[in-house]
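Here is the structure we will look at, set down as structure tokens.
The values are calculated or read from the model by the stated rules, or taken from the named source; none is laboratory data. As the structure is a prediction and not an experimental result, all values here were calculated from the model. Glycine also receives a Cβ, built like all others from the backbone with ideal geometry; neighbour counts cover every protein chain displayed. Areas reflect the complete protein model, heavy atoms only, side chains present, ligands, DNA and RNA absent. Shrake-Rupley method; radii C 1.70, N 1.55, O 1.52, S 1.80 Å.
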Amino acid sequence: MPAPGSILIEDATIVTVDPRRRVIEGGSILVKEGRISEVRSSRIQSGSSAELKIQAKGMALIPGLVDTHMHLAQSLLRGCADDLSLVDWLKKRVWPIQAAFTEDDGRVSAELSMLEMVKSGTTSFVGVDVVSRYGFDGIAGSVVKAGMRGALAKSIMDSPGYGRKGRIMPEGLVEEKGATIREAKSMVRKWNGINDGLVRAWVAPRSLGGCSRKLYEEVGELAGEMRTRVTMHLAEVREDVRYAKRNFGLTPFEFIQKVGLAGPRSLFAHMVWLNESDIRGVGVTKSSVAHCPSSNTKLASGFAKVPELLDAGANVGLGCDGAPSNNSYDMIREMKLAAVIHKARLLDPLTMPAASVLEMATINGARAMGVEKEVGSIEVGKKADLVLVDLKKPHLVPHRDVVSNLVYAAMGSDVDTVLVDGKVLVRGGKALTLDEGRILGEAQRRQDELISRSGVKL
Ligand SMILES: [Zn+2]
């Protein structure tokens, strides 16, 4: 679909998340050639000749949401792994089903995830743990077609384990070291920066136990040489701490520092089990964290110390994780959980105010992806990754504090219009670049076939 050269959005409540955190009532913005060229509290005269005009009275205009940790290849597992302990969740459900994936399953799962994300206001995402059998090329091609901004992280491993003995992956998911590195290099070369920079290719060491110490060091070197970024699950469950202590005599974060992977180009998901010194270390090294509150609570992993991490100067974004652990990819719902659970944990209703949580879902997420100069806020010169949320709903009226309504009361289904890079991907709640009817039908059929092929009894 050709992008309109200029787009005028009028009469919106603009939540800028700019350095002054301005909220502009009755505001207008003009987009030219994919970038925001004007933001005003009044009409934009030069916008009268815009190719596309959107009347946005009664709507909030917010920066596109950034999901910093999500699994594209897990939406086909929705409803297959609930109310189980982590070991049963992995060994009896998630791994065997994922080990039966074909490349077409990988592609359709990515399309289904993106359909849900874009319709609920997510414009950018970090899609983690893309293993070879899901078909990296098919998934990356589907991101280009969808027009979303996505970093795809190729999984890297040299051991079939995860944490302690007895958690051995099924054969279909295991990759041999030489092959995993070769494919990661080739995928980064082929896809990093494609589609005007909308698609990025990163590297993702599998969790503690899936990589040897030497491989962690090599991943850091490879990311540096290829000028890409690193993401991985870290300190997600208490067992990770025991594993790192037993094998390396360190905490998980100390180990990651030791092998040279902590730093501003690294994004660590979960980070639930950190001690005070780890928390300071995350701040000092300027590493980013993906906080996944639904996943951490559903899998009973624990509560990440997010207010403490923010106080230590860490950059913390938000993530939906996956369909077996969340079970949705709706960042607006995720914002509410992030805002409320820490209040209960610390018995402090003042912690994690709505405005901080919106920052996590926008500008902090953009920083975690290394694109904060391009997106994450509504400012002149930035790329037009924008979302209109319809506030004319019973649960969003009266309209007084728009940030409060967005974080505490809104839902992904309130999203009306979504732009990425100045292209309209959703209008009137309908996806324009993803074929919803075909994807929903294919996802249902493929899940049925996948479950029977995997031999898992649900
Ligand atoms: Zn995850």
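Determine if segment 320-330 includes at least one residue that is part of a loop (DSSP other than H, G, I, E, B), more than 22 Å from Thr123 (Cα to Cα), in contact with a Ser or Thr (Cβ under 6 Å, 6 or more places away or on another chain) and open to solvent by 10 Å² or more (accessible area, probe 1.4 Å). No, because not a single residue in segment 320-330 is part of a loop (DSSP other than H, G, I, E, B), more than 22 Å from Thr123 (Cα to Cα), in contact with a Ser or Thr (Cβ under 6 Å, 6 or more places away or on another chain) and open to solvent by 10 Å² or more (accessible area, probe 1.4 Å).
Among the residues of segment 356-370, is there at least one that is more than 25 Å from Val284 (Cα to Cα) and open to solvent by less than 10 Å² (accessible area, probe 1.4 Å)? The answer is no, given that none of the residues of segment 356-370 is more than 25 Å from Val284 (Cα to Cα) and open to solvent by less than 10 Å² (accessible area, probe 1.4 Å). With respect to (1) open to solvent by 10 Å² or more (accessible area, probe 1.4 Å); (2) away from the ligand (no atom under 16 Å from the Cβ), the lone exception for Lys298 is condition (2). Within segment 279-295, being surrounded by 24 or more Cβ atoms within 10 Å (Cβ to Cβ) and either more than 16 Å from the ligand (Cβ to nearest atom) or among the hydrophobic types (A, V, I, L, M, F, W, C) (or both) holds for Val282, Ser287, Val289, Ala290, Cys292.
In segment 178-192, which residue that is charged (D, E, K, R) and out of contact with any helix residue (DSSP H, G or I) (no Cβ under 9 Å at 6 or more places or on another chain) is nearest to Glu218 (Cα to Cα)? Restricting to residues being charged (D, E, K, R) and out of contact with any helix residue (DSSP H, G or I) (no Cβ under 9 Å at 6 or more places or on another chain), the top hit is Arg182.
Residues in segment 243-259: is at least one in contact (Cβ under 8 Å) with a residue 40 or more places away in the chain and open to solvent by 50 Å² or more (accessible area, probe 1.4 Å)?
So in segment 243-259, the residues in contact (Cβ under 8 Å) with a residue 40 or more places away in the chain come out as 243, 252, 255-256, 259.
Still in the list and also open to solvent by 50 Å² or more (accessible area, probe 1.4 Å): none.
No, every residue in segment 243-259 fails to be in contact (Cβ under 8 Å) with a residue 40 or more places away in the chain and open to solvent by 50 Å² or more (accessible area, probe 1.4 Å).
Restricting segment 318-351 to residues that are closer than 30 Å to Leu458 by Cβ and of a type in the set (Val, Ile, Thr), the residue that is farthest from the ligand (Cβ to nearest atom) is Ile332.
Can you find a residue that is open to solvent by 40 Å² or more (accessible area, probe 1.4 Å) and either under 25 Å from the mean Cα position of the chain (by Cα) or not small (Gly, Ala, Ser) (or both) anywhere in segment 66-76? Even if it seems obvious, please write down each step before you answer.
Step one: filter segment 66-76 for residues open to solvent by 40 Å² or more (accessible area, probe 1.4 Å), giving none.
Taking every residue of segment 66-76 in turn, none turns out to be open to solvent by 40 Å² or more (accessible area, probe 1.4 Å) and either under 25 Å from the mean Cα position of the chain (by Cα) or not small (Gly, Ala, Ser) (or both).
Trp202: open to solvent by 20 Å² or more (accessible area, probe 1.4 Å) and of a type in the set (Phe, Trp, Tyr), yes or no?
Numbers: open to solvent by 20 Å² or more (accessible area, probe 1.4 Å): no; of a type in the set (Phe, Trp, Tyr): yes.
In short, no.
Counting only residues that are β-branched (Val, Ile, Thr) and within 18 Å of the chain's Cα centre (by Cα), how many does segment 405-427 have? Total satisfying the criteria: 4.
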